[in-house]
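Undergrad: What follows is a single structure, and I will ask about it in a moment.
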Amino acid sequence: MSDIMTSNRAYLVRALFDWIIDNTLSPYLLVDASTPQAVVPQQFVEDQKIVLNISPSATSNLVLGNDAIAFNARFSGQPMNVSFPIDAVMAIYAKENGQGMMFAKEDATALLDNETESDPEPKPPTPPASKRPTLKVVK
């Protein structure tokens, strides 16, 4: 059995999307537009990022897949097919109150670098030296 798990980002995006919609709010995504496979309206990209409204009223044919997100939308009246890898999602949040989640940049090579072939059984981390708690009476 492999210790390496797939990314949880797609699952969390779908769960938060449902939660935001169930609360009758508007789900927005912050996307890294510099990702090579990202097809987004470039005129709205700022600092290599774009904010996208993915609410049902703003999109059609929305697919929140395990590997990618895709949908159709209008930007300045022009229809566009938008798509990008799930790893390009930097955050999902409700526009109205900012509730949601930011995601760390995942680096699959960092996960693999932690495993060495000479030591296939990783050793558990050494617990920190414990200090006895101290209480101080305050009058």
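The values are calculated or read from the model by the stated rules, or taken from the named source; none is laboratory data. Owing to the predicted nature of the structure, the values given are computational and were not obtained by experimental measurement. Cβ placement follows ideal geometry from the backbone for every residue including glycine, while neighbour counts extend to all protein chains displayed.
Undergrad: Looking at SER34, is it surrounded by 11 or more Cβ atoms within 10 Å (Cβ to Cβ) and touching an Asp or Glu at 6+ places or on another chain (Cβ under 7 Å)?
TA: Working: surrounded by 11 or more Cβ atoms within 10 Å (Cβ to Cβ): yes; touching an Asp or Glu at 6+ places or on another chain (Cβ under 7 Å): no.
So SER34 fails the test.
Undergrad: Checking ASP47 against (1) touching a residue at least 12 places away in the same chain (Cβ under 8 Å); (2) exposed (fewer than 12 other Cβ atoms within 10 Å of the Cβ), which single condition isn't satisfied?
TA: (1)
Undergrad: Starting from the stretch 91-110, take each residue that is more than 19 Å from LEU64 (Cβ to Cβ) and list its partners that are at pLDDT 95 or above and of a type in the set (A, V, I, L, M, F, W, C), counting only C-beta distances under 6 angstrom and pairs at least six apart or across chains.
TA: Every condition considered, the pairs that remain are GLU96/LEU25.
Undergrad: Which one of these is in a loop (DSSP other than H, G, I, E, B), under 20 Å from ALA104 (Cβ atoms) and either modelled with pLDDT of 95 or more or out of contact with any Pro (no Cβ under 7 Å at 6 or more places or on another chain) (or both): THR24, THR6?
TA: Working: THR24 fails: under 20 Å from ALA104 (Cβ atoms).
Unique residue meeting the criteria: THR6.
Undergrad: Looking at the stretch 27-43, which of its residues are closer than 23 Å to ASN8 by Cβ and in a strand (DSSP E or B)?
TA: PRO27, TYR28, LEU29, LEU30, VAL31, ASP32
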